[in-house]
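Just so you know, all these numbers are worked out from the coordinates, no wet-lab data involved. Every value quoted in this text rests on a predicted model; they were computed, and no experiment measured them. A quick note on method: Cβ atoms are made from the backbone with ideal geometry, for glycine too, and the neighbour counts reach across all protein chains shown.
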C-alpha cells in the first residue's frame, strides 16, 4: 500500500492534515469520506530518500515539461488517428528521446496490461506526472475524449515551458555580463594587485582610499580564500534551509509579489498559470472545488496558495468564486469581473482561457521591455566597476610618476 498526504476539513469545519495508507488516491479519498472528512488536497507521500532522488533526477537527466508536452501531443495524435492506447504507448517507447521517460512508459504499459487504468498508472509516478495531469487524463477516460484532453495538456505544458524559457532568457544576458565582471575583478585581485602592491607600499607615498580597499580585498582573497568559500557555501545552505521553512516560503512569496519591476511580471505569470490551469480542469469536467485545490498547489507561491485555499472554503459554502476573489489583493478586479461573467453565462472555462491569453501576452511584452531596460543598467554597472578598478590602480601610479 502507498502513503498519501491529505488536507481535509472535518464536520466542525476545522482543517486537518495527515498521512493515510491506501492502494490509490481514489481509495484514500473513499476512506477519508467514510470518516466524514471533506478532502481539500491529497497527493502521494514521498520519503526523504525519494525526494532526494527526485531532486537529483531533475538536475541530472530529469524529465522536463517540454518532454511531457511532446509525450502528450504525440499520444493524442495517435489516439485521434484510431490507434489503440497500448499500441501508441509501445510506439512511443521507441520514439521518445528521453531515456528516463521511455523507461516510465514501459512501466505504464506493464501496469495497464495488469488491468490498471491509464490514469492509475500515471499516478504511480507522482514525481513525473502532476495531479493536474493525472486528473485530466482520468476525466478524459471517463468522457471518452482522452485525445482532446491530452492535446489540451500538451498546449498547457508547452505554454508554461515557453513562458519560463522567456523569463530565463531575459535573465541570461545580465547574468553572463555580471559573471564576466566578477571574474575579471577576482583575477585583478588575485594576480594584478599583488604584483603592484610592493611597488605601492615601498614608495612610502600615501595611497588613495580606493587603492587601500583594493589591497585589503586582494590580501583577503590571496591569504584567506578558503574562508570566503566556506562562507559562500554556508550562506547558500542557510538560504536553502530557510527558504524550505514555512516562514521562509512566505518571505520568498512576499518578495516575488512585491519586488519593484518583478512583481508585475510574477503576478502576471501567476494569473496566467492560474487561469489557464483552472480552465483546463473545469473544461475537463473536474469539480471546481477540486480544481481550485489542485491549482493552488501548482503555482509555487505560498501566499497565493493560502489565498486560493481560502477561496475553496468560500466556494464550498455555495459562494461564487468571483465573490472572494474580488476581495483579493493578488488578483486584479478585471480577473474577478471576468470570472463573474463566466459564472453567470456558464462559460467559466472559456472566460478563464481568455484571461490567460490576455495576461500571457501582457507578461511577454513586459519581459521584452525588461530585457531592453536591463541592457543600459548592466552597462552602467560594468562602467562603474571598470572605473573603480582603473582609479584604484592608475591613481597611485600617477602619484608615483609625479614624485619621481
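Determine the principal axes of the Cα atoms in segment 305-357, then give the extent along each, sorted from largest to smallest and rounded to whole angstroms.
Principal extents (Cα only, largest first): 24, 22, 15 Å.
Students often check this: by mean Cβ neighbours within 10 Å, which of 129-141, 110-122, 346-358 ranks highest, and how do the rest follow?
In descending order of packing, they fall as 129-141, 346-358, 110-122.
Expressed as an acute angle from 0 to 90° and rounded to the nearest 10, what is the orientation of the C-alpha long axis of helix 48-59 relative to the principal long axis of the chain?
For 48-59 against the chain, the angle is about 70 degrees.
What 222 nm value per residue comes from the helices of the chain, counting each DSSP H run with n ≥ 4 as -39,500 (n - 2.57) and dividing by all residues, nearest 500 deg cm²/dmol?
Computed mean residue ellipticity for the chain: -25500 deg cm²/dmol.
Multiplying the sequence separation of residue 191 and residue 223 by 0.36 nm and subtracting their Cα-Cα distance, what value in nm do you get?
Working: separation 32, 0.36 × 32 = 11.52 nm, distance 1.26 nm.
Full-extension gain reported as 10.3 nm.
Round to the nearest 0.05 the FRET efficiency obtained for residue 162 and residue 184 when R0 = 35 Å and r is the Cβ-Cβ distance. Can you show the working numbers first?
Numbers: r = 34 Å, r/R0 = 0.97.
The calculated FRET efficiency here is 0.55.
Rank-order 142-151, 376-385, 362-371 by packing density, defined as the average count of other C-beta atoms within 10 Å over each peptide's residues, highest first. Mind showing how you got there, number by number?
Details: 142-151: 17.7, 376-385: 12.2, 362-371: 15.9.
In decreasing order of mean packing, 142-151, 376-385, 362-371 become 142-151, 362-371, 376-385.
Regarding the chain, what are the three Cα extents along the principal axes, ordered largest first, in Å?
In descending order, the Cα extents are 91, 49, 43 Å.
Restricted to Cα positions, what overall size does segment 2-45 have along the principal axes? Three whole-Å values, descending.
28, 17, 12
How far is helix 302-316 tilted, in degrees, relative to the longest principal axis of the Cα atoms in the chain, given as a value from 0 to 90 rounded to the nearest 10?
Helix 302-316 sits at roughly 20 degrees to that axis.
Starting from the Kirkwood radius over alpha-carbon pairs of segment 64-158, derive D by Stokes-Einstein at 20 °C in a medium of 1.002 mPa s and give it in µm² s⁻¹.
Values: Rh = 13.0 Å.
This corresponds to a translational diffusion coefficient of 165 µm²/s.
Using only alpha-carbon positions, what ratio does the radius of gyration of segment 165-404 give when scaled by 2.2 N^0.38 Å?
Numbers: Rg = 26.7 Å, N = 240, 2.2 N^0.38 = 17.7 Å.
Output field value: 1.51.
Compute the acute angle (0 to 90°) between the alpha-carbon long axis of helix 225-244 and the principal axis of greatest extent of the alpha-carbon atoms of the chain; round to the nearest 10°.
30 degrees
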